[in-house]
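Only one structure is covered here, and it is reproduced in the block below.
The values are calculated or read from the model by the stated rules, or taken from the named source; none is laboratory data. If you're wondering where the values come from, they're calculated on a predicted model, not measured in any experiment. As a convention, Cβ positions derive from the backbone with ideal geometry for all residues, glycine included, and neighbour counts pool all protein chains shown.
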Amino acid sequence: MKDKKRLMTALSIPALIAAGCSGQTSDIAYTEDDRIIVDFWYALGGSAGEAVEAMADDFNESQDDIYVQANYQAVMRKPSPKYDSAGTPDAPALMQVFEVGTRYMIDSGFAEPMQTFIDEDGFDVSTLEENILSYYQYEDELYSMPFNTSNALMFTTKIFRSRIRPRPTPNISTRIRTTNGWRYVGFSLLIYGWFIEQLLANQGAELVNEENGRAGDPSETFINGEEGSAIYTWIEEMIADGTLGNFGRTWDDIRAAFIAEDVAMYLDSTAATYDNITSPDFEVGTAAIPHPDGQDPEGVIVGGASVWMMADIPEEVQEAAWEFVKYTVQPDVQAEWSAATGYFPVHTDAYNEPVLEELYGEFPQFLTSVEQLQNTTPSPATQGALMDAFPEVREQIMISLERMHEGMSAEDALNELESEINAIIN
């Protein structure tokens, strides 16, 4: 029945828009039954996109005053032409933005900080995950509400895990480097800058100065410091040993290699946990991300995206949008969202909801990522870097990894990368 309702809702959207154009004011759109329309742009496809639509539908069914119109717009990454509508009459009320777009959105003036509504409403954020909120906080204000949140996680084959006993989790760098598969490579990580950021943070290292860009505009990268050198040397040694597989930049390719047992273990996003443990024909284990020998792990940086409130829209629309934002982080809503998508719940009480208790009972591999997140030591390093040109910085990190696979030394790759990043951020 709910699917039928969603179909009817989708079919009636043009009518709703038309009704809004002739609504009660020139700036505010209403449905035919006088519900204020909140336009929400999201950027998740597949089953996650369906879960976004379901969340909006459930909110619409829960009350009679607000109608959230969820529109797929693919606006998560900066730069994107869709950003150009922010601050114009074509802007939505709410926009989902990729985490590396955070500093751009803060500086743009397009968005009203969520802290404004938190303070006005007396909304309690103490039950929301501190290590998730911290990424989107700047100068003690929460600028956006976390939406789809993930971090990095190690996935291993059961055969590999049996060979490293009695230590159950392969989180020591030396053991990863020296454990080569008998018919496949031992380890791999996607050519993606985010994983290098994670490995830096797990050593307590910042990517850039100015407290990782959180105390001011960064002017220098620390990628070529001791911690970055440890990562790149580790990668260089595995390439030389033949224990590191290169499956390129595409998530599907590295996941297919794991399912085919072409690689014993690899790093992936926690959002892929369900598919990664149910798709292969073998038992899959999970483990925390690697850290150097003799050093305690500091933890991980959250990835994913958050929801931003646009500034130049009517106050009544902002208030209606805020009601939906509050709804999205309710424990039961977050539990359903997490179970459907694999993303972390933002509300800590969501873990006590039956749907997540059942999921974790059947697949305890999920608990590794939860423990890794909750055991993270809060610091500028694990908060993650903030900078306007973050996408360009990540691209240079990816290029450096590709050049190492082509034979460049760790030292040369880091020297070149340091120069490129400093040029970008200055």
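Are any of the residues in the range 318-338 closer than 30 Å to residue 205 by Cα and part of a helix (DSSP H, G or I)?
Narrowing the range 318-338 to residues closer than 30 Å to residue 205 by Cα: 338.
Subset that is part of a helix (DSSP H, G or I): 338.
Yes, because at least one residue in the range 318-338 is closer than 30 Å to residue 205 by Cα and part of a helix (DSSP H, G or I).
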- Only one of these is small (Gly, Ala, Ser) and free of Cβ contacts under 8 Å to residues at least 24 places away in the same chain: 409, 419. Name it. 419
- Some residue of the range 391-400 being under 21 Å from residue 133 (Cα atoms), modelled with pLDDT of 95 or more and surrounded by 20 or more Cβ atoms within 10 Å (Cβ to Cβ): no
- Note on the structure: Being within 30 Å of residue 218 (Cα to Cα) and surrounded by fewer than 16 Cβ atoms within 10 Å (Cβ to Cβ) narrows 381, 423, 311 down to just 423
- Task: Can you confirm whether the range 270-281 contains a residue that is part of a loop (DSSP other than H, G, I, E, B) and either in the same structural domain as residue 141 (by TED's automatic domain parsing) or surrounded by 18 or more Cβ atoms within 10 Å (Cβ to Cβ) (or both)?
- Result: no
- Note on the structure: Cβ pairs under 9 Å, 6+ apart or interchain, first in the range 221-249 and within 15 Å of residue 209 (Cβ to Cβ), second at pLDDT below 95 and of a type outside the set (Ser, Thr, Tyr), ordered by first then second residue, are 227/292
- Message: So, in the range 85-98, exactly how many residues are in a loop (DSSP other than H, G, I, E, B) and more than 18 Å from residue 327 (Cβ to Cβ)?
- Response: 6
- Note on the structure: Scanning the range 218-242 for residues that are charged (D, E, K, R), over 21 Å from residue 378 (Cβ atoms) and at pLDDT 95 or above gives 220, 226, 236
- Task: Identify, by number, the condition in (1) over 21 Å from residue 97 (Cβ atoms); (2) under 28 Å from the mean Cα position of the chain (by Cα); (3) modelled with pLDDT of 90 or more that residue 6 doesn't meet.
- Result: (3)
- With respect to residue 342, determine if the residue is at pLDDT below 95, more than 30 Å from residue 109 (Cα to Cα), under 19 Å from the mean Cα position of the chain (by Cα) and not aromatic (Phe, Trp, Tyr). yes
- Task: Tell me which residues, restricted to the range 296-339, are of a type in the set (D, E, K, R) and either at positive phi or modelled with pLDDT of 95 or more (or both).
- Result: 298, 315, 316, 319, 323, 326, 332, 336
